[in-house]
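See below for the structure under consideration.
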Amino acid sequence: MDFALGSDVEAFRMEVKDVIASTFTEDDHRRQHESGTFTSWPLYRALAERGFLERAVPGLGKGDPIELYVLFSELEKAGAPYESLAVTLCVAGIVNHVGTDDQRHRILPGLLSGEHTAALGYSEANSGSDVASIRTRAARSPDGGWVINGAKMWTTMAHVADWVLLLTRTDLDAPKHKGLTMFVLPLKTPGISVEPVWTMGDERTNATFYDDVRVGDDCVLGEVNGGWKVMTVGLSLERGVAGETNSGPTLLRHFHDWAERTNVLADSRVREKMARVAIDNEVTKLLTQRSAWIAGSGGMPTTEGAMTKLFANEAFQRAARWFQEAAGPEGLLRFDETDAAGDGWLEYEVRRATVLPIRGGTTEINRNVIARRHLGLP
Ligand SMILES: Cc1cc2nc3c(=O)[nH]c(=O)nc-3n(C[C@H](O)[C@H](O)[C@H](O)COP(=O)(O)OP(=O)(O)OC[C@H]3O[C@@H](n4cnc5c(N)ncnc54)[C@H](O)[C@@H]3O)c2cc1C
């Protein structure tokens, strides 16, 4: 079997690399780590100008999920911000799939031109893995619109995004999956406030509060009490390919360059660890490509996506810890500190690797999915 990607996909990869190299600078990199805001409008606009954003939106663009995989793989390998773009393209896909003509007309052009971004307001302080138990309430108001009250946790990018996809409870008596409604509304709507939450992976996320937020029916996405169905559409569009499985090769390169310079590479035990990481990186790549391939063939890689994230997160965490240990005290130094191993990347990736297995579905939940759907366990 030939695992190589086709020449058109490789040409697409070169174009993406070109855009990243010409628009994402060292200063941008420093700024995103200092501010915790991992986004870059110039980069997104440049990708949009070449038509890459529209092309990558699942169900809308003519690109296939292999291109989506290549786009996010190159962004992640370059240390460029990809999370906010992944969410934005997913929201664009959902609006395109279940939105009204008016919503498509109002929301999609900004998202696809790289001018606007979107945030996901699903999780709450007590509802993450079990997201259907959320309590943020949307109630009919006498004037015919809706009044939203509640608090969300981990609304990443809410402090800079334009739109939020907000999961609310609209029927208190219905079973928990059936009384939910999804809204899509501007984050500037009066009554919304945003407070920072800092993560150990440098990235800022947010707690968001909704106090008597008044919106019209034009903000309901999908059917009233059909919010779980919209969530399912969103999950199907994620397709297990948009990011967070591609950092291993860059970590290995940073470690290799440092080990070569400091002669640590002469130690055969270190070379063996590097070989193991290289093998894990290859397995991760193939698992990610398998998810993309299943999605590209019309399937829904739920179990395969869980396998990919589980393996990728654990392998990356293992590699980051090995390399930091091998680097000794220099592995504890941060970006911009003299003698930092891998210019600070080794220290940073250990912190980031701790966060990855939580967001977007935890390791335990992914194990449950695999146990039930793949292994047939009760
Ligand atoms: C940096 C970051 C960014 C995030 N960004 C967003 C965002 O933009 N939008 C958004 O809506 N959410 C976001 N999240 C939320 C994320 O999806 C949740 O944190 C995640 O789903 C886990 O939910 P929780 O934090 O409530 O933990 P819990 O669900 O309370 O889980 C706590 C622990 O119990 C385990 N556990 C829970 N249920 C089970 C079970 N059934 N079987 C076995 N073990 C179980 C979990 O694996 C975990 O170890 C983000 C989270 C982080 C950390």
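Below is a table of values for the structure above.
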{"read-out": "Candidate set from segment 208-222 (those that are outside any strand (DSSP E or B) and touching a helix residue (DSSP H, G or I) at 6+ places or on another chain (Cβ under 7 Å)); member that is surrounded by the most Cβ atoms within 10 Å (Cβ to Cβ)", "value": "GLY222"}
{"read-out": "Failed criterion for LEU85 (all others in (1) within 16 Å of the ligand (Cβ to nearest atom); (2) more than 16 Å from PRO58 (Cα to Cα) hold)", "value": "(2)"}
{"read-out": "ASP18 vs. criteria at pLDDT 95 or above, part of a helix (DSSP H, G or I) and at negative phi", "value": "yes"}
{"read-out": "PHE316 touching a Phe, Trp or Tyr at 6+ places or on another chain (Cβ under 7 Å) and either over 24 Å from GLY376 (Cα atoms) or in the same structural domain as TRP258 (by TED's automatic domain parsing) (or both)", "value": "no"}
{"read-out": "Residue match in segment 326-344 (condition: aromatic (Phe, Trp, Tyr) and modelled with pLDDT of 95 or more)", "value": "no"}
{"read-out": "Index of the failed condition, SER129 passing every other in (1) farther than 30 Å from VAL350 by Cα; (2) within 11 Å of the ligand (Cβ to nearest atom)", "value": "(1)"}
{"read-out": "One residue from GLN317, GLN289, GLN324 being buried (at least 20 other Cβ atoms within 10 Å of the Cβ) and within 24 Å of GLN32 (Cβ to Cβ)", "value": "GLN324"}
{"read-out": "Count of residues meeting criterion [more than 21 Å from GLU83 (Cβ to Cβ) and acidic (Asp, Glu)] in segment 173-230", "value": "6"}
{"read-out": "Pairs with Cβ under 8 Å, 6+ apart, first in segment 13-25 and surrounded by fewer than 13 Cβ atoms within 10 Å (Cβ to Cβ), second of a type in the set (Gly, Ala, Ser)", "value": "ALA21/ALA78; SER22/ALA46"}
{"read-out": "Some residue of segment 166-177 being hydroxyl-bearing (Ser, Thr, Tyr) and at pLDDT below 95", "value": "no"}
{"read-out": "Residue within segment 327-339 that is outside any helix (DSSP H, G or I) and surrounded by 22 or more Cβ atoms within 10 Å (Cβ to Cβ) present", "value": "no"}
{"read-out": "The listed residue being in contact with a Ser or Thr (Cβ under 7 Å, 6 or more places away or on another chain) and either among the hydroxyl-bearing types (Ser, Thr, Tyr) or farther than 23 Å from VAL270 by Cβ (or both), out of LEU356, LEU310", "value": "LEU310"}
{"read-out": "Long-range neighbours under 9 Å by Cβ, at least six apart or interchain, first residue more than 22 Å from ARG30 (Cβ to Cβ) and free of Cβ contacts under 8 Å to residues at least 24 places away in the same chain within segment 194-220, second of a type outside the set (D, E, K, R) and assigned to a strand (DSSP E or B)", "value": "GLU195/ASN206; GLU195/ALA207; GLU195/THR208; GLU195/PHE209"}
{"read-out": "Test: residue in segment 341-349 that is in a loop (DSSP other than H, G, I, E, B), surrounded by 21 or more Cβ atoms within 10 Å (Cβ to Cβ) and more than 15 Å from the ligand (Cβ to nearest atom)", "value": "no"}
{"read-out": "Flag if THR181 is in contact (Cβ under 8 Å) with a residue 40 or more places away in the chain and more than 13 Å from the ligand (Cβ to nearest atom)", "value": "yes"}
{"read-out": "Residue that is nearest to the ligand (Cβ to nearest atom), among those in segment 132-147 that are in contact with a Phe, Trp or Tyr (Cβ under 8 Å, 6 or more places away or on another chain) and more than 15 Å from CYS219 (Cβ to Cβ)", "value": "ILE134"}
{"read-out": "Any hit, segment 162-172, residues being within 16 Å of MET231 (Cβ to Cβ), within 16 Å of the ligand (Cβ to nearest atom) and not aliphatic (A, V, I, L, M)", "value": "yes"}
{"read-out": "Selection from segment 114-126 of residues that are within 15 Å of the ligand (Cβ to nearest atom) and either crowded, with 16+ Cβ neighbours inside 10 Å or under 30 Å from GLN32 (Cβ atoms) (or both)", "value": "THR117, ALA118, ALA119, LEU120, GLY121, TYR122, SER123, GLU124, ALA125"}
{"read-out": "Count of segment 350-378 residues which are within 23 Å of the chain's Cα centre (by Cα) and either more than 16 Å from the ligand (Cβ to nearest atom) or among the hydroxyl-bearing types (Ser, Thr, Tyr) (or both)", "value": "3"}
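One line per residue, one yes/no per condition, for (1) free of Cβ contacts under 8 Å to residues at least 40 places away in the same chain; (2) surrounded by fewer than 22 Cβ atoms within 10 Å (Cβ to Cβ); (3) assigned to a loop (DSSP other than H, G, I, E, B):
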{"site": "ASP27", "(1), (2), (3)": "yes, yes, no"}
{"site": "LEU47", "(1), (2), (3)": "no, no, no"}
{"site": "GLU54", "(1), (2), (3)": "no, yes, no"}
{"site": "SER73", "(1), (2), (3)": "no, no, no"}
{"site": "PRO81", "(1), (2), (3)": "no, no, yes"}
{"site": "VAL87", "(1), (2), (3)": "no, no, no"}
{"site": "ILE94", "(1), (2), (3)": "no, no, no"}
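The values are calculated or read from the model by the stated rules, or taken from the named source; none is laboratory data. Worth saying up front: this structure is predicted, and the values here are computed from it rather than measured. Neighbour counts are summed over all protein chains in view; Cβ atoms, including those assigned to glycine, are modelled from backbone coordinates with ideal geometry.
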